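Structure below; questions to follow.
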């Protein structure tokens with residue numbers, strides 16, 4: 001049953017149609033992402049679902065008593081509240097319910113047959129279960145730690161930056177766990193570690209979620225359904241971003257329309273995505289086997305864990321070594337660079353060279369010094385120690401404040417300051433409109449003042465302007481913020497064809513994986529690591545190291561305990577249950593059948609005759625269900641096989 005239904009909803013702003021006779025619903029447990037160009041109606045749809053914006057026509061129906069909450073772009077707080085108080089402000093009902101539950105439990109210890117108290121206890125149990133609010137204080141600490149708010153705990157919330165205030169508001173909403181949570185660009189102002197924590201929390205807590213995001217890895221991890229807003233209507237796709245791309249391409253193949261640019265983009269994106277996903281899947285399979293083996297080794301020999309860590313470190317060093325002599329022109333030579341802001345060391349003893357065709361992503365936690373490095377390269381910050389030597393070069397700079405734009409100029413004046421209507425882009429002559437059309441601007445925008453544009457539109461203007469400059473090096477600080485996915489795709493295409501060096505700061509893992517050939521990884525303690533690995537792969541390795549460290553610590557703890565307490569009891573005999581023995585016989589056959597079914601479904605999705613007859617969405621949904629069942633069966637078989645190996649090891653010991 002749907003929690004929220006929109007039936008025949010339309011919304012207009014003056015003469016402009018935004019949504020026209022659309023139907024939409026969200027069921028309990030669904031995580032729905034809304035995608036589309038900026039200005040297509042994504043936020044309008046979300047506000048209508050929330051109830052803060054009325055539709056012009058149609059009906060909004062929500063299940064009685066449900067709680068729908070939305071993350072505001074500009075949160076409002078009690079001016080007297082500090083950060084902890086602001087987070088806890090929305091948790092009063094949950095805290096009261098827990099206090100009352102404890103009171104009733106104490107009363108029932110003496111009057112265990114009181115029906116009224118038992119009924120109230122059952123209601124409170126369901127309420128606390130639904131909101132997972134049994135250990136709120138622990139959850140508050142955990143969320144504050146992962147969102148880097150603990151250090152501001154007692155600071156007045158209104159003294160924080162806009163990004164920090166958004167994190168406070170997001171933390172409070174996540175802890176409240178409403179029946180339907182609405183998030184508009186939740187990963188803005190979060191670093192990659194915060195985004196990973198957000199992903200884990202949403203999945204673990206089983207949120208019902210409607211969200212807008214340009215973070216394509218986040219969409220893939222979280223979304224169970226994708227809604228595209230286009231031409232005032234909605235189109236539904238199963239799964240996340242990669243599924244959306246595949247299903248959209250199949251859909252476009254069946255339509256007798258000219259979508260050459262979009263098809264080209266989708267083909268390019270799909271090819272890259274397929275390579276990346278296959279590589280990640282292959283790596284994840286190996287990693288899973290490695291962790292299973294590691295757990296087994298940990299029982300017998302902790303030195304093997306250390307050996308595996310050394311192998312991983314050796315592999316990382318291989319990735320971090322550039323091969324041969326590079327004769328490209330040197331743009332920057334950095335020697336023993338040190339940078340401090342006040343008492344905080346942001347960079348210490350960093351040396352490297354940046355060459356003419358380097359594409360470098362500067363990554364790491366918020367506040368670790370990434371933007372500071374960019375400012376040092378631009379000559380806007382003087383190093384505390386060391387030197388930065390610059391070759392003969394010109395730099396194009398894109399910052400989050402769009403300092404290159406003049407709000408008083410219109411678009412033609414911005415791109416043609418000396419008159420006329422032509423612009424030179426990397427040696428090619430364009431009419432201003434012809435060029436700006438590539439950045440999704442309609443002709444009527446040419447006379448608009450920059451000052452009246454939205455933040456996302458200003459970002460598009462700034463990026464378009466940047467590529468008209470004749471420069472040797474582009475330096476970009478969070479270029480994907482406030483951009484929609486179609487514009488990010490355009491940016492990626494422009495960067496891939498740019499002949500000079502690119503140095504960018506970004507938390508967008510998908511964007512970094514696709515663009516960067518090298519990483520400068522800020523570790524948070526002033527040190528910077530260089531790597532040639534894809535960023536998502538580096539993060540997987542980092543997790544693996546953390547798992548190994550935790551296992552070593554656990555082993556040491558167990559070893560210490562064992563030296564104090566002598567185990568006198570023999571271990572119980574380990575054997576397979578009757579059901580496990582049967583499963584061990586049946587599962588390989590079932591898995592083989594599921595593999596064949598997956599192949600058949602993939603073949604049907606590639607065959608127009610079949611998918612036109614059955615339906616793309618039906619086939620795609622069946623494929624997702626089959627893949628999920630396949631993973632479940634494989635995990636079950638692996639667990640039983642692991643137990644068989646333990647039994648054999650005990651027999652041989």
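The values are calculated or read from the model by the stated rules, or taken from the named source; none is laboratory data. Given the structure is predicted, the values throughout are model-derived calculations rather than measurements. Note: ideal-geometry Cβ built from the backbone for every residue, glycine included; neighbour counts use all protein chains shown.
Among the residues of segment 1-23, how many are outside any loop (DSSP other than H, G, I, E, B), surrounded by fewer than 22 Cβ atoms within 10 Å (Cβ to Cβ) and either on the phi < 0 side of the Ramachandran plot or out of contact with any strand residue (DSSP E or B) (no Cβ under 6 Å at 6 or more places or on another chain) (or both)?
Step one: of segment 1-23, the residues outside any loop (DSSP other than H, G, I, E, B) are 2-13, 16-23.
If we keep only those that are surrounded by fewer than 22 Cβ atoms within 10 Å (Cβ to Cβ) too, we end up with 2-3, 5, 7-8, 10, 12-13, 16-18, 20-21, 23.
Checking which are either on the phi < 0 side of the Ramachandran plot or out of contact with any strand residue (DSSP E or B) (no Cβ under 6 Å at 6 or more places or on another chain) (or both) leaves us with 2-3, 5, 7, 10, 12-13, 16-18, 20, 23.
Adding up the residues that qualify gives 12.
Only one of these conditions is not met by residue 423: (1) touching a helix residue (DSSP H, G or I) at 6+ places or on another chain (Cβ under 7 Å); (2) under 29 Å from residue 508 (Cα atoms); (3) buried (at least 17 other Cβ atoms within 10 Å of the Cβ). Which number is it?
(2)
Could you check residue 414 against (1) at pLDDT 90 or above; (2) surrounded by 16 or more Cβ atoms within 10 Å (Cβ to Cβ); (3) farther than 21 Å from residue 495 by Cα; (4) in contact with a strand residue (DSSP E or B) (Cβ under 9 Å, 6 or more places away or on another chain) and say which number it fails?
Single failed check for residue 414: (4).
Residue by residue through segment 442-454, note down the ones that are within 11 Å of residue 38 (Cβ to Cβ) and either surrounded by 13 or more Cβ atoms within 10 Å (Cβ to Cβ) or not assigned by TED's automatic domain parsing to the domain that holds residue 478 (or both).
Of everything in segment 442-454, just one residue is within 11 Å of residue 38 (Cβ to Cβ) and either surrounded by 13 or more Cβ atoms within 10 Å (Cβ to Cβ) or not assigned by TED's automatic domain parsing to the domain that holds residue 478 (or both), namely 453.
Can you confirm whether residue 587 is part of a helix (DSSP H, G or I) and either within 28 Å of the chain's Cα centre (by Cα) or within 23 Å of residue 236 (Cβ to Cβ) (or both)?
For residue 587, the condition - part of a helix (DSSP H, G or I) and either within 28 Å of the chain's Cα centre (by Cα) or within 23 Å of residue 236 (Cβ to Cβ) (or both) - is not met.
Rundown of residues vs (1) in contact with a strand residue (DSSP E or B) (Cβ under 9 Å, 6 or more places away or on another chain); (2) farther than 28 Å from residue 73 by Cα; (3) assigned by TED's automatic domain parsing to the domain that holds residue 521, yes/no style:
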residue: 351; (1), (2), (3): yes, yes, yes
residue: 366; (1), (2), (3): no, no, yes
residue: 383; (1), (2), (3): yes, yes, yes
residue: 396; (1), (2), (3): yes, yes, yes
residue: 400; (1), (2), (3): yes, no, yes
residue: 419; (1), (2), (3): no, yes, yes
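Can you tell me which residues in segment 444-456 are modelled with pLDDT under 85 and in a helix (DSSP H, G or I)? Give the steps one after another, and end with the answer.
At the first step, the residues of segment 444-456 found to be modelled with pLDDT under 85 are 454-456.
Across segment 444-456, the qualifying residues are 455, 456.
So, in segment 237-258, of the ones that are exposed (fewer than 14 other Cβ atoms within 10 Å of the Cβ) and either in a loop (DSSP other than H, G, I, E, B) or touching a strand residue (DSSP E or B) at 6+ places or on another chain (Cβ under 9 Å) (or both), which residue ends up modelled with the highest pLDDT?
Step by step, filter segment 237-258, then rank; the result is 254.
Anything in segment 480-504 that is within 19 Å of residue 521 (Cβ to Cβ), in contact with a helix residue (DSSP H, G or I) (Cβ under 8 Å, 6 or more places away or on another chain) and surrounded by 23 or more Cβ atoms within 10 Å (Cβ to Cβ)? List them, or say none. Don't jump to the end; show me each part of the working.
Just the residues of segment 480-504 that are within 19 Å of residue 521 (Cβ to Cβ), to begin with: 480, 501-504.
Next cut, in contact with a helix residue (DSSP H, G or I) (Cβ under 8 Å, 6 or more places away or on another chain) only: 480, 502-504.
Once the filter is applied, which keeps residues that are within 19 Å of residue 521 (Cβ to Cβ), in contact with a helix residue (DSSP H, G or I) (Cβ under 8 Å, 6 or more places away or on another chain) and surrounded by 23 or more Cβ atoms within 10 Å (Cβ to Cβ), segment 480-504 yields 480, 503, 504.
Which number in (1) in contact (Cβ under 8 Å) with a residue 40 or more places away in the chain; (2) within 20 Å of residue 192 (Cα to Cα) marks the one condition that residue 156 misses?
Result: residue 156 passes all but (2).
Hand me the list of strands (runs of 3 or more DSSP E) wholly inside segment 373-441 holding 2 or more residues that are over 16 Å from residue 479 (Cβ atoms). Before you say what the answer is, go through the steps one by one.
On the way: elements: 385-390, 395-398, 422-425, 428-431.
Passing ranges, in order: 385-390, 422-425, 428-431.
Still on this structure, please answer the following. Can you find, within segment 40-58, the residue that is nearest to residue 179 (Cα to Cα) among those that are outside any helix (DSSP H, G or I) and touching a residue at least 60 places away in the same chain (Cβ under 8 Å)? Step through it out loud before you land on a result.
The initial filter retains those residues of segment 40-58 that are outside any helix (DSSP H, G or I), namely 40-41, 51-58.
If we keep only those that are touching a residue at least 60 places away in the same chain (Cβ under 8 Å) too, we end up with 40-41.
Values: 40: 27, 41: 24 Å.
Checked segment 40-58; the qualifying residue nearest to residue 179 (Cα to Cα) is 41.
Collect the residues in segment 73-95 that are part of a loop (DSSP other than H, G, I, E, B) and modelled with pLDDT of 85 or more, keeping them in residue-number order.
Listed by number, the residues that qualify are 75, 76, 77, 78, 79, 80, 81.
Is at least one residue of segment 347-361 surrounded by fewer than 17 Cβ atoms within 10 Å (Cβ to Cβ), modelled with pLDDT under 90 and in contact with a helix residue (DSSP H, G or I) (Cβ under 8 Å, 6 or more places away or on another chain)?
no
Please specify each residue of segment 1-26 satisfying the condition of being under 30 Å from the mean Cα position of the chain (by Cα) and touching a residue at least 60 places away in the same chain (Cβ under 8 Å).
Matches in segment 1-26: 1, 2, 3, 4, 18, 19, 22, 23, 24, 26.
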